[in-house]
1. Could you count how many residues in segment B:613-643 are more than 7 Å from every other protein chain (Cβ to nearest Cβ) and aliphatic (A, V, I, L, M)?
2. Could you figure out which of (1) at pLDDT 80 or above; (2) at the interface with chain B (Cβ under 7 Å from one of its Cβ atoms) isn't true of C:G52?
3. Just a yes or no: is a residue in segment B:380-392 more than 17 Å from B:A302 (Cα to Cα), of a type in the set (D, E, K, R) and surrounded by fewer than 24 Cβ atoms within 10 Å (Cβ to Cβ)?
4. For the list (1) closer than 30 Å to B:T429 by Cα; (2) at pLDDT 75 or above; (3) not assigned by TED's automatic domain parsing to the domain that holds B:K388, I need the number of the one condition that B:G507 fails.
5. Sort out which residues of segment A:1-35 are among the small types (G, A, S), surrounded by fewer than 20 Cβ atoms within 10 Å (Cβ to Cβ) and part of a helix (DSSP H, G or I), and write them in order of number.
6. Is there a residue being under 30 Å from A:A45 (Cα atoms) and of a type in the set (D, E) anywhere in segment B:590-608?
7. Among the residues that make up segment C:22-43, is at least one of them among the small types (G, A, S), in a strand (DSSP E or B) and facing chain B (nearest Cβ under 7 Å)?
8. Enumerate the helices (runs of 4 or more DSSP H) found wholly within segment B:1-104, keeping only those where 3 or more residues are surrounded by fewer than 15 Cβ atoms within 10 Å (Cβ to Cβ) and modelled with pLDDT of 85 or more.
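The values are calculated or read from the model by the stated rules, or taken from the named source; none is laboratory data. It should be emphasised that the depicted structure is a prediction, and the values quoted were computed from it without experimental measurement. Here the Cβ positions follow ideal geometry from the backbone for every residue, glycine too, while neighbour counts run over all protein chains shown.
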Amino acid sequence: MNSIILRTASNYLLPMLILFSVFVLLRGHYEPGGGFVGGLVAAIAFVLHSFAHGLKETRRFLRIHPGVFIPIGLLLSLISAVLPMIGGQSLMTGLWFNEPVPVIGLIGSALFFEIGVYFVVFGVTLTMLFTITESV
Amino acid sequence: MLIAVLSGILFALLFLFFRLQNGWLRFIPAFLPLSLLIYFSTWLPEVAAGKEILFKYTWIPAMGVNLDFKLDGLAMLFSLMITGIGTLVYIYAAAYLSDRSQIHKFFSCLSLFMAAMLGLVLSDNLLVLFIFWELTSISSFFLIGWNTKEEASRKSAVLALAITGGGGFLLLAGVLLMGNVGGSYSIQALTAASATLKQHGSYVLMLCFVFAGAFTKSAMFPFHFWLPGAMKAPTPVSAYLHSATMVKAGIYLLFRLSPVLGGEPLWNYTLMIVGGFTLLYAAFQSLFRTDLKGVLAYSTIAALGLIVLLIGIGTTESFLAAAVFILVHALYKAALFLCTGIIDHAVHSRDLTKLSGLRKIMMPVAIAAGIAALSSAGIPFTFGFIGKDLIYEATMQTGMLAIQLTGLVLIANVLLSYAGYVAGFRPFTGALPEAYADTTKPEFLLWGPPVLLAVLSLLFGFFPALSSPLVNAVVANAGGNPALPDLKLWHGFNLILLLSGVTVLGGVVLYLLRKPADSQVQFMDRFESFSTRSFFLRLAEGIKQISHYFTHKLQNGYLRNYMITIISFLLILLCWKLVKLIPHSIDFSAMTPVSMYDVVILVMMVSAIFVLIFTSSRLTSIISLSIVGYSICLLFVFYGAPDLAMTQFTIDTLTAVLFMLILLKLPPFLTLTNKAIKIRDAIISTIFGGVISMIAFLVLQEPTHKTISRFYADNAYSLAKGKNVVNVILVDFRGSDTLIEITVLTIAALGVYSMLKLKISSSEKE
Amino acid sequence: MEFLLVLLIGLLYASGTYMMFRRSMVKLLLGLILIGNGANLLIFLVGDINKGNPPVIPRDFSSLQGVYSDPIPQALILTAIVISFGLQAFAIVLLKRVYLVTGTDDLDQLNSDDQDI
C-alpha cells in the first residue's frame, strides 16, 4: 500500500500502539486487558507498519526474527510457573512482593507469567503473518 | 517373588538389545529358566507339606487389583513344569534355530511367554490372572508366527490369536461377573464365597464365560483346530507351548476354579461331555495323520480332553489322576516333540510314510522317543503306567457312568498309545532310506533334553512316590481329600491292571496292522468342509466382506458426505428426544429486555451471514465474516465482557488480514453443485441450527450453578491479588491451562512456518 | 434478548454447516469459523448474560458485589478465540499449500479412494 498518509501515520502509530499494548498488559490484572490482548495489539502495530513500509523495512526495524519471542515467552511463563516448586510450594502458586511498585502495582509471578503470554502471542502472530506475507 | 515372575519380562526387553550370535553366548538365556527352576524348587518342601505361601504386592488397590501371588501345590506343579521344561527348551532352541541373527528376538518372545505363564499360574487375583492370560496369547502369537516369511505360518498365528483372544475376551466377562457377585477378585476370597456364586442367578453365565476361555485356550472341541495349525511354529515352541504349558493354562484355570465354581451338575457334566468328546474325536483324528507333528498335535488335544474329563468327574481320585497325568503328559509329549524336531532338523521331513530306520543315525534320540512312546502307552515301569492306572481308577468310581466312561477312556487310550508308537517308533525302525544315509548326527545339546525327559519318565515310573507330596498338594488345592496314600507301582492283580493290559495290547495290535498312508489324509480331508475350522474361516471371511462393504459405503472420501451422515444421524437421535421437550409457552419476562442497539447488531449480523452464504465474491465474503465477528465483539461489550471484546476485535482484524493475504491468491468461487443438492443441504443445516437453538433454549431454562464462579469472584483478590476476575482465572487459577494454550499456539506457528518454508519437491507436484 | 440470541446461534450453526457442505475448501473454512463463533456465543449465553456488569472487582472492594457477568465462560471463550486464531491461520496456510500442490480447491478432486492407499 503506497499511501503517504498511512506511512506517516504508522510512524507515529507504531510506538503508540506498542506503548498501549504494554499498558493493556500491565493493567490486565486489575482492569480489562492482559497478555493475550496486549500481544495481539503489539502484533497489529507491526502488521500495520509492514503494510505501510513493506515487510523488509519492518523486519529491519524489528532487527530480530519475531519467532525468537516465542521460546523467550514460553520459558518465562514456564519459569514463573515452576518457580514456586523450588520453594516447596505447588505448581503455579502465586508469589508476590509485598510492597507495591508505583504505576505497575504489585509485582508477582503472575505478572511474569502474563509477560510470557504476551511474548508468545506476539511472536506467534507475527511469525505467522510475516511468513505468509513473504510467501505470497 | 515379584522379581521371579517379572524377570522374564525384564529379560525379554534385555534380550532384544543383545544379539547372541557368536557361539556359546546363545546358551546364556537358558540360565533364566534354570535359576527360576532352582528358585521354585527351594520352596518345594514347604509346599509339599501342604503350606500355601503368599506374596502380596499392592498395585491398584482402589480397584481390588493386586499382584498377589500364591504358591501352593497346583501353582508349584505348573511352575516347575514351566521352568523345568523351559530350561530344556531354551537349550534345545539355541541349538535348533539356524537363523542366528534373529535368535535374540526369539528368546525375547520366549521369555515374555514364560513370565506370562508363571504370572498366570501364580497369581491369586483373577484380573491379574487375566492380564497374564492375554500376555500368553500375545507372546504365543509371535512364537507361532515365527517364520514370518511363510504365509501359512502367519495365518495360523492369526487364527490362534483370534481364537484364544476371543476366548480371553469372554473370560474377562466371566472374571468381572465373578468379581461383582463374589465381591472380590481374589481367588481365595471367591473360594470362600463359593456358595454365594453358585446360588446367584448368573451362575450359568459365569460358567459359560469361564468355559469359553478355558476351552479356547486348551483347544477343546469345537475350538480345537487352532492347535494343529499352530504346529507351523518352530518345534521348540510346539514342545513348550503346545504340549507342556500354554494349552494347559485352560486346564489350570478349570483346576483352580473347581473349588469356586465346581461341584454343580452343570459344571461336571459340561466338562465331562466336552472333554470326553474331544478325547474321542482327537484320538480318532490322530489316526489319519501322516505329518509327525500333526499326530502329536491331535494326541495332545486328546490328552487335554482327557484331563478336562477328569476334572469334570470332580472326585479326589479323578483330581489325583488329572494331576499325575498332567505331569506324565508334559514329560512324554515334550520329549516326543523335541525328538520330532531333531528328525525334522536332520532330514528335513516329518512325513511318516517316508521316515524309517533313523535309529542308525540318532540312537540316543530313538531311545528317548521310544521311552516317551512307552510312557504314552502306559507300559509298566514308566510314569505313564501310573497315570493310566489312576485314570481307570477314577473312571471306575463314577457310579452310574462308570462303564460308559471307562469304555470311552479305554478306546481313546488305545488310539493314543497307537499315536505314541507311531511318533516314537515308526521313524526309527525299519531300513534306513539311502537318501538319509549321509545325514550328520545331531549334536548333544539337541538330543540331551529329550533324553533327560525320558529318564525322568522312567524315574517317576520306578519310584512314583517321588511325585506324591506335590501331586497330593495339587489334589488338596482342587478341593479333593488331601490325605492320600503315596503312589505305588504295584496294586496287585485287579480289573485296572487288566484294562491297562488291554490298552497296551490294543495299541500294539493297531500299530502292527496300520500303516500311515497319504490316502488316509485324503480320506479325512473330504470331511474338511463340515469341520468347525472351515466354519470359522467362512465366518471370518464373511465379517471381512461385510466390513469391506461398510467401509466402502461410509468412507467414500467425500468430506461433506461424512458430515451429512454424522449430522443426519445426530439429528435423528436428538429430534426423537427433543420433540417431547418443546415448551408450550415462552416466558419472556425473565429475560433481559431488548434494546435498540441490540436489534441493530442482530440485523447487521443476520444480513452479513446471508450475504456470506450467497455471495460469489471472495472479498465480500471476507468482509461479511469480519462484520459477523465485529458484531459479536459489540455484543461482548454490551453484556459485560470487555476482555472478550478486546480479544475478539484484535483477532478479527488479524483474521481479515490473513484471509486477504491468502484468499485472493486462490481461484474464485465456482458454482459447483446443482440446486437440488443445495436445497437438501439447506434443509439439513436448517434443522441442525434449529436443534442447536432448541438445546440452547432448554439449557437456558435450567438454573445455572454459580458455585464455581462465586468461588472465583470471592477469592480473586484475596488469593491472587487481582481484580479482573477473568484475567485472574487465566493467569492464576487456571494458569497451567494457559501455559498449555500458548504451547499449542507455538505449535501452530511452527506448523505455519514449516509449511510455507518447505520447498515443494517435484514428486509432490505430481 | 436471550431468545433472539438463541435464534442467532441457531442461524450461525445452520449457516456454518451449510458452508461446510460446499465443495470449495475456502467455504469449508468459512463455515468452520462461523460455527466457532456460534459456539462461543452459546457458551457465553448459557452462563447467564446481563448488561454492563463486567466481572471486575470495584476499586474499594475485595470481591465482586451484586450482579456480575459470569467470569468462567468468559475465560473459556477467551481461550477459544485465541486458539481458533491459531487454527485458522494453520488451516488457511494448509489450504494454500494444498492449492499449490494440487492446483485445485475443489474437495471432490482431492478425493482419493482409501482402497488405493
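1. 7
2. In the conditions (1) at pLDDT 80 or above; (2) at the interface with chain B (Cβ under 7 Å from one of its Cβ atoms), C:G52 misses (1) alone.
3. Scanning segment B:380-392, I find no residue that is more than 17 Å from B:A302 (Cα to Cα), of a type in the set (D, E, K, R) and surrounded by fewer than 24 Cβ atoms within 10 Å (Cβ to Cβ), so the answer is no.
4. Going through (1) closer than 30 Å to B:T429 by Cα; (2) at pLDDT 75 or above; (3) not assigned by TED's automatic domain parsing to the domain that holds B:K388 one by one, B:G507 breaks only (3).
5. Of everything in segment A:1-35, just one residue is among the small types (G, A, S), surrounded by fewer than 20 Cβ atoms within 10 Å (Cβ to Cβ) and part of a helix (DSSP H, G or I), namely A:A9.
6. no
7. yes
8. B:31-48
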